[in-house]
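The next block holds one structure in the form of structure tokens; read it before the comments.
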Amino acid sequence: MSTPATIRAWESHFTLYRTIWKSSMLGAVVQPLLFLAGMGLGVGALIDRGDNSERLLDGLTYFEFLAPGLLATTAMMVCSNEAMWPVMGGFKWMRGFHAQAGSPLSPGQVSGGLTLWHATKALISVTGVAAVLALFAETRSFGLLLAIPFGTLTGVAFAAPLTAWSASRERENSFPAINRFIIMPLFLFGGAFYPVSQLPDSMESIAKVTPLWHGVELCRGAVHGRLGVGQAVVHVAVLAGLALIGWLAARITFARKLAA
Amino acid sequence: MSVDPTAPLISAKRLVKRFGDFVAVDGIDVEVRRGESFGFLGPNGAGKSSTMRMIGCVSPISEGTLRIFGLDPATDGKQIRARIGVVPQMDQLDDQLSVEDNMILYGRYFDIPRAECKRRASELLEFVQLSDRAKSKIEPLSGGLKRRVTIARSLISEPELLLLDEPTTGLDPQARHVLWDRLYRLKQRGVTLVLTTHYMDEAEQLCDRLVVMDQGKIVAIGSPRQLIQEHSPREVLELRYPAGTNDERASEVHGIGHRHEVLPDRVLIYTDDGESALAEVNARGSQPESALVRRSSLEDVFLRLTGRSLVD
């Protein structure tokens, strides 16, 4: 029985993951847990004592506010790193993409397999965080099940365009800058730790066009059962649009690199 | 579609590969027959790898025609690649995975069921004498062992045609001989081998026929023996003089043999009889630090054809 080519390309990434899944999973879950403990409990205690915190956080405690956003930030962190060095390695160091391109797989199937893998990796990490959130009464809800695909989509919205970028580069020297100047600022200003309405107006409008903000809003809304359909459609459309554009761009940059 | 079994396995006519303004392959004509072992010999930058990548159907041709198994890479690349094994210049193994896993996941690209991949992997690892390393990670293996894994892996799809791009570059002599032996056995099994090399001895050992490439063009074609016969007398007398004096000392041996060639480190005299040429050198009172008579090789052919030595 034949297996679709994109799945066969995906298998190589999954085979590698199977050998490192424990440390990988631990990393993906421990980091959000630390934020949950450090910020949620520590900073949360301060904030919840404030007079108008209820109003600012839309009736949520700080822990309730913070925790669901970590689904989206984790997906962003995991996927963006997965879309940088390992992609460079597939072309330049281990050269696994070249090996795939020499087989019956086409460059489009090679990049498709990778994007599918990024979605898988996001799904695994987000599910791990969701399992942790299910331990706490504040975040234990069926909405977590809806937040898992939202978080996964957030991950792909980062992975796909970054993959296209990484595949277009000869060297990895832009990657640390991407982490420092794109991923970290989004992490801090994307609405995961406080409502973006707290930011000055100009920054607030910037925050609202970043993919992370859409992901955070989706996950938070889903977990607390306060996501309007209209809002959800807009957020999903933005993330899906980014993922789609990224995927199409990656097909082009992969073809350029593999079929020169 | 039926394909004539006597038709050439690879047929290239006026084949060109350009990268921007740079012409890597400049209108070559090549035919490779089923079951033969065919070589592309030339220095770095001669266009060998570009040719191989076009034959491997990963790099589109810029001009000319190319047919592999009678099929056109532009339209049937996938079908052709399914029947080709590739040993690239640089190993493409996943360091963090075991030898066996590397082979299985590669077989999966060809849609071979996992269990069958596993069966073939163990057979092929036996063939390259690596059965005891099946569970070992790639990372600690030596260059020679990795090369053997790459060759075993390229065979997992049971290819009719095996493309080897510089299969033994960077390996020690012992590892090279092991590889040559395995490649010879593959040829005996009927696998068509196409390889590139810049080693003369490799081409002489492995190739039934070869082309000599230089700057994107084919400068000679034939069997190793034919090429040597056509382009170089039977024997070569190598003379070594004190460093830096080759040019002036070469005049002392002028006229001996068919011709002579001055290299940075040696003076070569091409002759049908090396011993009598040496006797004449001595008779003229020219005293080289050392002298060596050897059979002429493809290296001499290359030198003759291009005026340059092959390995940088």
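Rule-based calculations on the coordinates, nothing more; no lab input. Fair warning: this is a prediction, and the values are worked out from it, not measured in the lab. Ideal geometry is used to build each Cβ from the backbone, glycine not excepted, and the neighbour counts take in all protein chains shown.
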| task | Would you mind telling me which residue in B:Glu299, B:Glu31, B:Glu280 has the biggest mean-square fluctuation in a Gaussian network model of chain B, where springs connect alpha carbons within a distance under 10 angstrom? | result | B:Glu280
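Suppose we keep just the DSSP beta bridges with both residues in chain B; what percent of those would be antiparallel, to 5? The partial results should precede the final answer.
Working: 35 of 53 bridges.
Counting only bridges with both partners in chain B, antiparallel ones make up about 65 percent.
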| Spatially proximal lysines relative to B:Lys48 (Cα-Cα < 25 Å; intrachain offsets below 8 disregarded) | A:Lys92, A:Lys257, B:Lys13, B:Lys17, B:Lys78, B:Lys146, B:Lys187, B:Lys217
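Any idea what the dipole of the stretch A:5-258 comes to, in debye rounded to 20, about its Cα centre with Lys/Arg Cβ at +1 and Asp/Glu Cβ at -1?
Numbers: 18 positive and 13 negative charges, 211 e Å.
Value, rounded to 20: 1020 debye.
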| field | Tail weight of P(r) past 27 Å, computed on alpha-carbon pairs of the stretch B:58-204, percent | value | 22 percent
| What residues have an amide H closer than 5 Å to that of B:Glu63, excluding those fewer than 5 places away on the same chain, when H is modeled at 1.01 Å from N in the peptide plane? | B:Val16
| query | For chain B, what D do you get in µm² per second when you plug the Kirkwood radius from alpha-carbon pairs into Stokes-Einstein at 20 °C and 1.002 mPa s? | reply | 101 µm²/s
| message | Test of understanding: in a Gaussian network model of chain B with alpha carbons linked when under 10 Å, which of B:Ser37, B:Ser296, B:Ser49 would top the mean-square fluctuation ranking? | response | B:Ser296
| task | Kindly provide log₁₀ I(q)/I(0) values, in the same order as q = 0.11, 0.15, 0.16, 0.18 Å⁻¹, from the Debye equation applied to equal alpha-carbon scatterers of the stretch A:5-258. | result | -0.58, -1.02, -1.14, -1.37
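Kirkwood hydrodynamic radius, the stretch A:137-182, all distinct C-alpha pairs: what's the number in Å?
12.9 Å
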| query | So how tilted is helix A:107-133 from the main axis of chain A? Cα-based, degrees 0 to 90, rounded to 10. | reply | 30 degrees
| task | Rank A:Ile245, A:Ile20, A:Ile183 by mean-square fluctuation in a GNM of chain A with C-alpha springs under 10 angstrom and give only the top-ranked residue. | result | A:Ile20
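Could you give the Stokes-Einstein D for the protein assembly as shown in µm² per second, using the C-alpha Kirkwood radius, 25 °C, 0.890 mPa s?
Approximately 89 µm²/s, per Stokes-Einstein.
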| note | Once phi for every residue in the stretch B:266-274 is put through the Karplus expression 6.51 cos²θ - 1.76 cosθ + 1.60 (θ = phi - 60°), the whole-Hz ³J(HN,Hα) values, with Gly and Pro written as x, are 8, 10, 9, 10, 8, 7, 7, 9, x
| said: I'd like the orientation of helix A:62-82 relative to chain A: the angle between its Cα long axis and the longest Cα principal axis, in ° from 0 to 90, rounded to 10. | reply: 10 degrees
| request: Sticking with the crude label model, points 7 Å out along Cα→Cβ, report the distance from A:Glu170 to A:Leu33 in nm, one decimal please. | output: 4.5 nm
| note | In whole angstrom, the spacing between the Cα centers of the stretch B:97-140 and the stretch B:70-89 equals 22 Å
| remark: For the stretch A:45-152 (alpha-carbon point model, no solvent) the Debye-based log₁₀ I(q)/I(0) at q = 0.11 Å⁻¹ works out to -0.51
| Spin-label point model (7 Å from Cα, Cβ direction): what's the A:Glu54 to B:Glu289 distance in nm? | 9.6 nm
| task | Would you mind estimating how fast the stretch B:242-312 diffuses translationally, via Stokes-Einstein at 4 °C and 1.567 mPa s with the Kirkwood radius over Cα pairs, in µm²/s? | result | 101 µm²/s
| Mind listing the phi-derived Karplus ³J(HN,Hα) values for the stretch B:133-149, rounded to whole Hz, using 6.51, -1.76 and 1.60 with θ = phi - 60°, and x for any glycine or proline? | 9, 3, 8, 6, 5, 5, 3, x, 6, 6, x, x, 5, 4, 4, 5, 4
